[in-house]
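Notes follow once the structure below has been shown.
The values are calculated or read from the model by the stated rules, or taken from the named source; none is laboratory data. Here the structure is a predicted model, which is why all the values come from computation and not from measurement. Cβ: placed from backbone, ideal geometry, glycine included. Neighbour counts: every protein chain shown.
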Amino acid sequence: MTAIRAGQALKTQMIYHARSGRAFSHEMRVEPLKDSRGLVQCFQVTSSPQPKPKPKPKPKPQSQPQPQPQTEPQPEREPSPQPKPFPKPVC
């Protein structure tokens, strides 16, 4: 109220509650409107809803590294034979 009596601008954040109990906030600004002599004639009040705060991400549980399965060494294979080329078409 002191700012209004002094003719100064005021900005505040107000928290409201919906019927469901969910809280939401509005930013309210009160600004004096002055005439050409600088005297306050009235006040302009603007209110804007504030975005919902983003929920903090839940930390992911630290997973233990999975042990790699032990594989037996594979015997060496013989190289695959090269495929035979297609025969040339006879026209």
Next item on the list: Report whether or not LYS84 is of a type outside the set (Phe, Trp, Tyr) and modelled with pLDDT of 70 or more.
Entry: yes
Notebook entry, point to check: Considering only residues of the stretch 21-35 that are modelled with pLDDT under 85 and not in a strand (DSSP E or B), which is farthest from SER48 (Cα to Cα)?
Noted result: GLY21
Note to self: So the check is Cβ under 8 Å with 6+ separation or different chains; which pairs have a first residue in the stretch 6-21 that's loosely packed, with under 10 Cβ neighbours inside 10 Å and a second one that's of a type outside the set (Ser, Thr, Tyr) and assigned to a strand (DSSP E or B)?
What the structure shows: GLN13/HIS26; GLN13/GLU27; GLN13/MET28; ILE15/ALA23; ILE15/PHE24; HIS17/ALA23; HIS17/PHE24; ALA18/PHE24
Checklist line | Members of the stretch 7-18 found to be at pLDDT below 85 and part of a loop (DSSP other than H, G, I, E, B), listed by number | finding: GLY7, ALA18
Notebook entry, point to check: With (1) at pLDDT 85 or above; (2) on the phi > 0 side of the Ramachandran plot as the list, and THR46 as the residue in question, which single condition is left unmet?
Noted result: (2)
